[in-house]
1. Do you know which of the residues in segment 112-142 that are out of contact with any Ser or Thr (no Cβ under 7 Å at 6 or more places or on another chain), of a type in the set (A, V, I, L, M, F, W, C) and under 26 Å from ASP49 (Cα atoms) is modelled with the lowest pLDDT?
2. Hey, could you check segment 83-106 for residues that are out of contact with any helix residue (DSSP H, G or I) (no Cβ under 7 Å at 6 or more places or on another chain) and not charged (D, E, K, R) and say which is surrounded by the fewest Cβ atoms within 10 Å (Cβ to Cβ)?
3. Looking at segment 126-147, I want the residues that are more than 14 Å from LYS115 (Cβ to Cβ) and have a partner that is among the polar types (S, T, N, Q) and surrounded by 12 or more Cβ atoms within 10 Å (Cβ to Cβ) with Cβ atoms under 6 Å, at least 6 apart or on another chain. Which pairs are those?
4. Criterion first (part of a helix (DSSP H, G or I), touching a residue at least 40 places away in the same chain (Cβ under 8 Å), touching an Asp or Glu at 6+ places or on another chain (Cβ under 9 Å) and crowded, with 17+ Cβ neighbours inside 10 Å) does ALA13 satisfy it?
5. How about segment 17-39: which of its residues are in contact (Cβ under 8 Å) with a residue 60 or more places away in the chain and either within 18 Å of ARG81 (Cβ to Cβ) or over 15 Å from the mean Cα position of the chain (by Cα) (or both)?
6. Among the residues of segment 43-97, which ones are acidic (Asp, Glu) and either within 18 Å of ARG14 (Cα to Cα) or part of a helix (DSSP H, G or I) (or both)?
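The values are calculated or read from the model by the stated rules, or taken from the named source; none is laboratory data. Not measured: the values here are computed from a predicted model. All Cβ positions, glycine included, derive from the backbone under ideal geometry; neighbour counts span all protein chains shown.
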Amino acid sequence: MTATPDDTLLTQARQIARAAHAGQVDKLGVDYFEHVRAVADAVAHLGTDHVITGLLHDTLEDCDDRTIVSPALLEARFGARIAHAVDAMTKRDGEDHERDYLPRILANPIARAVKRADVTHNLSRLHLLDPADQSRLRNKYDAVLKLLDQAP
């Protein structure tokens, strides 16, 4: 059986995500790729662009090696739609979370759906963290979900 163009793009996205997050673990010590895989799986029903964005949503902010991932590389391999969605989800140094970051996500339909999956996955594992972290993060994630729920 011949691979479809979508299969090829998904394979490339998985490879980039694995390379970009190589050696990284989450707050619980789990391979970070498992988080991006879970986010991608949660948006799979929305289509390939959403899955690819889910796999790549943290790559630009978590990987400094621009030979592995960069805005230009994402656009060349996956097109402007995916590159813009990943860029929308990328936190920039010094930017305000509520004034800059969240409005950028809300303005991009793919980023908005992937962010919902991202926050939902993070919330699903919150009970495993230290109680002090739980409270702080629950407030942050609940506020983001409320904002996403209000978006058109």
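1. LEU123
2. GLY94
3. What qualifies is LEU126/GLN134.
4. When the stated conditions are applied, ALA13 does not pass them.
5. LYS27, LEU28, VAL39
6. Selection gives ASP49, ASP58, GLU61, ASP62, ASP64, ASP65, GLU75, ASP87.
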